[in-house]
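Trainee: First the structure, which I've put down as structure tokens, then a few questions once you've had a look.
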Amino acid sequence: MVAQPKAKSGSKKKEVLKFVVNCSKPVEDGILDAAAFEKFLHDKIKVAGKAGQLGHAVKVTRDKSVITIHAEAPFSKRYLKYLAKKFLKKHQLRDWLHVIADTKTSYELRYFEIQGDEEEDE
């Protein structure tokens, strides 16, 4: 007799991804409002093709100047970068700030480093 493989039954837990956007430097300088950025993400993140209706799939939370996004599996980190850049462009901050990947699951908003101001004397 050949043993047939058992079909897996039961509840599959969906993988929950955690992403962090650290915007502490611009918030400390007063040029960026973390609450506005959180609201922007909450309103613009699309779930099942509909923006603003996150349901249980995505949760956006803020702790001072660090925004955390908990999302169920099919969610792209690149999508967060796209939305962050869109927010910066909307608030005319794109010329001074850019979005940098710190780790595999986090981004940071940093200032551009301008090298032209420092001229060395020879």
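Trainee: So how exposed is H91, as accessible area in Å² (1.4 Å probe, rounded to 10)?
Mentor: 90 Å²
Trainee: Mind listing which chymotrypsin sites (Phe, Trp or Tyr not before Pro) in region 16-122 are in a DSSP loop and have 10 or fewer other Cβ atoms within 10 Å? Kindly include the intermediate steps, with their values, before the conclusion.
Mentor: Details: sites: F19, F37, F40, F75, Y79, Y82, F87, W96, Y107, Y111, F112; in loops: F75, W96, F112.
Taking region 16-122 and a limit of 10 other Cβ atoms within 10 Å, the loop chymotrypsin sites (Phe, Trp or Tyr not before Pro) found are F112.
Trainee: Which log10 I(q)/I(0) values, to two decimals, does region 9-114 give at q = 0.10, 0.18 Å⁻¹ under the Debye formula with one point per Cα?
Mentor: The Cα Debye sum returns log10 ratios of -0.29, -0.85.
Trainee: Under the Kirkwood approximation applied to all pairs of distinct alpha-carbon atoms, what is the hydrodynamic radius of region 41-89 in Å?
Mentor: On the way: mean 1/r = 0.0881 Å⁻¹.
11.4 Å is the Kirkwood radius here.
Trainee: Could I ask something else about it? Go through I45, I114 and list them by solvent-accessible area, largest first, probe radius 1.4 Å. Write out the running numbers ahead of the final one.
Mentor: On the way: I45 0, I114 115 Å².
Largest to smallest exposure gives the sequence I114, I45.
Trainee: Using a probe of 1.4 angstrom, how much of the accessible area of region 9-86 is carbon and sulfur, in percent? It would help to have the intermediate numbers written out before the result.
Mentor: On the way: 2500 of 4980 Å².
C and S atoms contribute 50 percent here.
The values are calculated or read from the model by the stated rules, or taken from the named source; none is laboratory data. Worth saying up front: this structure is predicted, and the values here are computed from it rather than measured. With ideal geometry, Cβ positions are generated from the backbone for all residues, glycine too; neighbour counts draw on all protein chains shown. For the accessible areas, the whole protein counts, side chains as well, though only heavy atoms, and no ligand, DNA or RNA atoms are used. Shrake-Rupley method; radii C 1.70, N 1.55, O 1.52, S 1.80 Å.
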